[in-house]
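This report refers to the structure that appears directly beneath it.
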Amino acid sequence: DKFRDGLSKTREGFSSRVNDLVARYRKVDEDFFEELEEILIGADVGFNTVMELIDELKMEVKRRNIKDTSDMQSVISEKLVEIYESQGEVNSEVNMQESGMTVILVVGVNGVGKTTTIGKLSNRFKQEGKSVLLAAGDTFRAGAIDQLEVWGDRVGVDVIKQAEGSDPAAVMYDAVKAAKARNVDVLICDTAGRLQNKVNLMKELEKVKRVIEREIPGAPHEVLLVLDATTGQNALVQAKTFKEATDVSGIVLTKLDGTAKGGIVLAIRNELQVPVKFVGLGEKVDDLQKFDAEKYVYGLFA
Ligand code: GDP
């Protein structure tokens, strides 16, 4: 199971520590909760989320009159799933159009795995029998266009581009025209990933969105924010900035395979109220999995 395998680092760190805790404490007491709190914070679950979880656990322990720690692993799993699900929409899908083209805007800071994610997504759609076109909207970073083309070649998808340094809105205009003319099912648009200047970022994303919307009313249908799980709480900070800059409709959390702090999924969900739609579990083309909350939580322990 790919999902399980991708979580092996987090599982090693997290579940072995919880198991160890349960073994050391026979009674569920204040010290037990304190150590659990530390483990959860260490796994990047995020302070607010941890506090909420610990409160819930304490109430549950009281309600069910739990005295010893032997049931605690399953109670923790249940509560983690509950907290995730209490935020609404779970395991949500990409918002695909029933008829006509679906336009997906992909945003995120350089280095998080944006290009790789676009390649993986293209491959998924192709495997579902859909036609895909890519728009090289990151005209700022040297090499970004070439890199997107490498992925395009790899998965057999064309890339609409202009020269480095050109106006990303002009690239989008071309791409939408081409996508319409070719009648493609999915247009995936890359964007520049500069965060240094929030006002510029906001302006650029707005301009790009405006061009797309003018050509295809209702588009973009999905704005996917790519975040790197290995950057921990930094990913949360990035997410907040992007949420202020544009309407983020879903998150792709990459490199979950490369961190022992996979608890960040819960923090993102709980603190941003944006669904995690995909997770990246490796560098290869098929290492992008649809996010599944239960599989995720049970994968932390199983
Ligand atoms: P971009 O600058 O955001 O476009 O980032 P890239 O797509 O170039 O990715 C940066 C690096 O992260 C590359 O070496 C990718 O192979 C790697 N990468 C991307 N996604 C994943 C993932 O899910 N897992 C792992 N382990 N590596 C990833």
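A few remarks follow.
- Of the residues making up the stretch 282-302, those that are open to solvent by less than 20 Å² (accessible area, probe 1.4 Å), within 14 Å of the ligand (Cβ to nearest atom) and over 12 Å from residue 250 (Cα atoms) are 282, 287, 288.
- Exactly one residue out of 235, 229, 219, 239 is surrounded by 15 or more Cβ atoms within 10 Å (Cβ to Cβ), closer than 21 Å to residue 99 by Cβ and either under 23 Å from the mean Cα position of the chain (by Cα) or without any contact (Cβ under 8 Å) to a residue 60 or more places away in the chain (or both), and it is 219.
- Number of the condition not met by residue 20 [criteria: (1) touching a residue at least 60 places away in the same chain (Cβ under 8 Å); (2) open to solvent by 10 Å² or more (accessible area, probe 1.4 Å)]: (1)
- Contact annotation: residue pairs with Cβ atoms under 8 Å, 6 or more positions apart or on different chains, pairing a residue in the stretch 109-124 that is within 17 Å of residue 246 (Cβ to Cβ) and assigned to a loop (DSSP other than H, G, I, E, B) with a partner that is of a type in the set (Ser, Thr, Tyr) and more than 7 Å from the ligand (Cβ to nearest atom), are 112/231.
- Exactly one residue out of 133, 121, 148 is within 11 Å of the ligand (Cβ to nearest atom), open to solvent by less than 20 Å² (accessible area, probe 1.4 Å) and not aromatic (Phe, Trp, Tyr): that is 148.
- Criterion violated by residue 249 - all others in (1) among the hydroxyl-bearing types (Ser, Thr, Tyr); (2) crowded, with 21+ Cβ neighbours inside 10 Å; (3) out of contact with any Phe, Trp or Tyr (no Cβ under 9 Å at 6 or more places or on another chain) satisfied: (2)
- Members of the stretch 243-259 found to be over 10 Å from the mean Cα position of the chain (by Cα), away from the ligand (no atom under 13 Å from the Cβ) and under 22 Å from residue 293 (Cβ atoms), listed by number: 243, 248, 249
The values are calculated or read from the model by the stated rules, or taken from the named source; none is laboratory data. The shown structure was predicted, so the numbers you read here are calculated from the model rather than taken from an experiment. Methodologically, a virtual Cβ is constructed for each residue, glycine included, from the backbone with ideal geometry; neighbour enumeration extends over all protein chains shown. Heads up: the accessible areas ignore ligands, DNA and RNA and are worked out on the full protein's heavy atoms, side chains in. Shrake-Rupley method; radii C 1.70, N 1.55, O 1.52, S 1.80 Å.
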